[in-house]
Structure formats: structure tokens, C-alpha cells
1. Just to confirm a number: summing +1 for Lys and Arg and -1 for Asp and Glu over residues other than residue 192 whose beta-carbon lies under 13 angstrom from that of residue 192, what do you get?
2. Go through the stretch 125-142 residue by residue and turn each phi into a ³J(HN,Hα) via Karplus (6.51, -1.76, 1.60, θ = phi - 60°); whole Hz please, and just put x for glycine and proline.
3. For each of 11, 256, 112, count neighbouring Cβ atoms within 10 Å of the residue's Cβ, then give the residues from fewest to most.
4. Hey, can you grab everything whose amide H is under 5 Å from the amide H of residue 48? Only 5+ residues off in sequence or another chain; H modelled, so Pro and N-termini drop out.
5. Taking the Cβ of residue 238 as the centre, find all other residues whose Cβ is under 11 Å away and add up their charges (Lys, Arg: +1; Asp, Glu: -1).
6. Rank the residues 258, 227 as a footprinting-exposure proxy: fewest other Cβ atoms within 10 Å of their Cβ go first.
7. What is the sum of charges, Lys and Arg at +1 and Asp and Glu at -1, for the other residues whose Cβ falls under 13 Å from the Cβ of residue 13?
8. Residue by residue through the stretch 119-124, which ³J(HN,Hα) values in whole Hz follow from phi under the Karplus form 6.51 cos²θ - 1.76 cosθ + 1.60 (θ = phi - 60°), with glycine and proline marked x?
Amino acid sequence: MYQSLEIFYEKVDHCPLRERMFNFFEMVYVISGPGMHAVNGNRFAFFSEDLFLITPSDTHEFDLVSTCEFMVIRFGQNYINEYQWKSIDHLECILHYASDLSGSVLINEDEKEIVGQLIQNLRLANSDSRMYAQDLIRHLVNAIIVIAARNIALLKPSGLSTNPDNRITQILDYIQEHIRQPDLLRINVIADRFGMSPTYLGSYFRRQCADSLQQYISSYRIRLIEHRLRFSGKRIHEIADEFGFADESHINKFFKRHKQMSLGTYRNDLGSPTKSL
């Protein structure tokens, strides 16, 4: 990629590249046409209004039944670093759940129409060379990211029961919302918040998610810390402050317990966080 964000439209009757692997993120929206999408050897049928996320670690290809139209959004490290929100990190949500995606990002049927309209406007804006066109493109892309993140947030732990009750969904949402506030994630605090005893909450969570509450919280924090190391230039003490650790030593002990290496070693193994993906 030559820019942090690239947008283009494709109308094709075959996929010329097979088992593609890129060094950037790619979101592919299906404007029209059916076929099969293969990601890391797994094949899924695709249809119009589907939206796919492909990460740098994925290999993928499309097998087209007939002529298809796609809108492709590619973004790299610089775009991730520049992506700032006051409330929740929508892009971080996408990155966190990327490995759990097996098909279209869009789960909520009501929002498919909204994304379709945004894609239409994005296509028009992408062919517009007037002043502020790039600013408009970024706003449209960001809106698509927000909607995608809102749908991806519906994805829960792989061990979650097939028909989870509303309470476990609320508990998971609470954990995600307060993941940077460890005092609010103590089992007695969560239990009190949802009207349970700590003992019952522990057994209830394990029954619903096939994992302990503490394991889920720790896994979630580790994944977010990994993203900070990979996709930001933040120093270790800044990451420690963000996630409520007392100091660098504390966060390093936590990270080593789960990843068998220090944060510095993990970042060095990846290379400089300021390099392109």
C-alpha cells in the first residue's frame, strides 16, 4: 500500500489471484453476485450485502458463480495509529475479534441497508476530486467501521452456549466496557452489579461460556495489550497506565504469565510498531 487508506471498486467474473495474503487489512463489501469465499482453507458462500474482513495473517480467494461487484477498503498501520475515538475503540474491537470471524461481518439485518447506502456514497466520493473529498471518504469508512464493530461485538466466546440468556450477554458487554478498569472487574463487584453471589456468578459464567470468568477477563486484556504492542507506538508504562496496572513490573508479570515473554520481547519479535503492516 502507498497510502494508509485505499478504496477501489471491482467488477469481475473471476478472481485472478489465488490464496492471496497481504500485509494490510482489507474489508470487502459484496455489491452484487454470488459465489464462494475461502479464508485460510475454509469456504463460505457469499451473497450481495455481505461484508468480509481479511487480516494480514489470512489467505483468501473468491470463486465467482457469475459477474460480481465489490467495494474494497484497505487500511494499514498508519490508519490504525491515526484512528482515535473518545468513547470506544471501534477498530480495536474489529482487531480483537478478527480471528473469530468465519463469514460476513454484518449480523444485524437492519444495518445491512445502512452499510449499503454508505458503500454507494463511498463509491461516489472515491471518484470525486473536489476539495475535502478525502475527508468525506474517511468519515464514510469510519461509519462502516463503527457498524461493523457493533455487529462484531455480538460475537461472544466460542464456548458460549447456543442460546445464551440475556444476562450473560449483559455481563460480557459489561466486561468489555470496563476492561481498562480492573477494580470494576472484581468478581464481587460484577456479582453485586448483576444481583448474584460471587460463588453463583463463577459457576454460572463457566456453564454459559465453558471458561472461567477470570480466564475470560485475562484473555481479553492480553489480546488488547497485544494490539497496543503491535499497532501503537505507546510505551510500556503508558500501556500499563491505560489498563490499570500499578507499573511496568506488574503488567510484565501479568503478560509473562500468559505469553511466556516480556512485553518488550514480544514487541521486538514483531519489529518496530511504526513499520507498515
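What follows is calculated from the coordinates using simple rules that are stated; it is not laboratory data. Being a predicted model, the structure only gives us computed values, none of them experimental. Glycine also receives a Cβ, built like all others from the backbone with ideal geometry; neighbour counts cover every protein chain displayed.
1. Details: positive: 186, 193; negative: 183.
Net charge around residue 192: +1.
2. Values, residue by residue: 5, 5, 9, 9, 9, 6, 4, 6, 4, 5, 5, 5, 4, 5, 5, 5, 4, 4 Hz.
3. Numbers: 11 11, 256 14, 112 18.
Ranked by crowding around the Cβ, least crowded first: 11, 256, 112.
4. Amide H to amide H, under 5 Å and 5 or more residues apart or across chains, residue 48 pairs with 33.
5. Values: positive: 228, 234, 235; negative: 241, 242, 248.
Net charge around residue 238: 0.
6. Values: 258 14, 227 17.
Exposure proxy ranking, most exposed first: 258, 227.
7. Numbers: positive: 11; negative: 10, 63, 69.
Around residue 13, the surrounding residues sum to -2.
8. Running phi through 6.51 cos²θ - 1.76 cosθ + 1.60 with θ = phi - 60° gives 5, 4, 5, 5, 4, 5 Hz.
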